[in-house]
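One structure is given here, and the rest of the page talks about it.
No value in this document is a laboratory result; all are computed from the given coordinates. Model, not experiment: these values are computed from the prediction. So basically every Cβ, Gly included, is an ideal-geometry build from the backbone, and we count neighbours across all protein chains shown.
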Amino acid sequence: MQERVIENWLDRASELSFQMPFCQMLSSEGHTVVHLTRHCGMELGKDVLSIGADGVPCAYQLKGAGGGRITLKRWRDELNAQAFDLVVGKIVHPSIDSKQHHRAYFVTNGTLDEEVIAAIDRMNVQWADAGMGHLRLRTIVRGELLAKASALENNLAIPTMANAVPEGSRTAFRDAPNTHSERSDAGLLILQ
């Protein structure tokens, strides 16, 4: 049941609602999360900043995939420029050496259409062919997010819909002897 709860939540999540659980996933993999954007004009294409377990800075652009997939039209109209800024723009944060180039990740709770995959590949090949192989856009898609969330087993806190539970109340859900989840005052579904 736990996997279905996570899958159902992830499929409906916006980039804002999967940002905190995504940071939990990164932390469980040894990353130090140093910044989360407020989603304002200053984000510069970077929603989450972390330092990987290997000491390399990482920048992430999170995008909800309404309809389950990122289409070529959406990529061209909205996301390509943000992805470009994510890769080529330096990280500006006092905890990260801005002279060290970062790994850039485009993260979506959906899938990428084949044309989008080809567009990202062309972008990466062009940088490599121009002698700038350090510039590369990596992706984390729905299946990878589900695997990361499942790896957390009983330690994932996922946001619930705003105002779904009255202030001050706590609701517990039990389906099986070893499965327990609780909706907290903070608007998180805590899987235990």
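Using the Karplus relation 6.51 cos²θ - 1.76 cosθ + 1.60 with θ = phi - 60°, the per-residue 3J(HN,Hα) values for the range 87-95 come to 7, 8, x, 6, 7, 10, 7, x, 8 Hz, with x marking Gly and Pro. Close amide H pairs (under 5 Å, H built 1.01 Å from N) link ILE140 with PHE106, VAL107, THR108, residues at least 5 positions away or on another chain. With R₀ fixed at 41 Å, the C-beta to C-beta distance from ARG4 to LEU72 puts the FRET efficiency at about 0.85.
Computed from backbone phi with θ = phi - 60° and the Karplus coefficients 6.51, -1.76 and 1.60, the 3J(HN,Hα) list for the range 20-37 is 5, x, 4, 5, 4, 4, 4, 4, 5, 9, x, 6, 9, 7, 10, 7, 10, 6 Hz; x is used for glycine and proline. Of the residues TRP75, TRP127, the one with the fewest other Cβ atoms within 10 Å heads the list, and the complete ranking is TRP127, TRP75.
Ranking of MET20, MET132 by neighbouring Cβ atoms within 10 Å, starting from the fewest: MET132, MET20. Residues ILE70, ILE158, arranged from fewest to most other Cβ atoms within 10 angstrom of their Cβ, appear as ILE158, ILE70. Averaging Cα coordinates gives a centre for the range 93-134 and one for the range 137-155; these two points are 19 Å apart.
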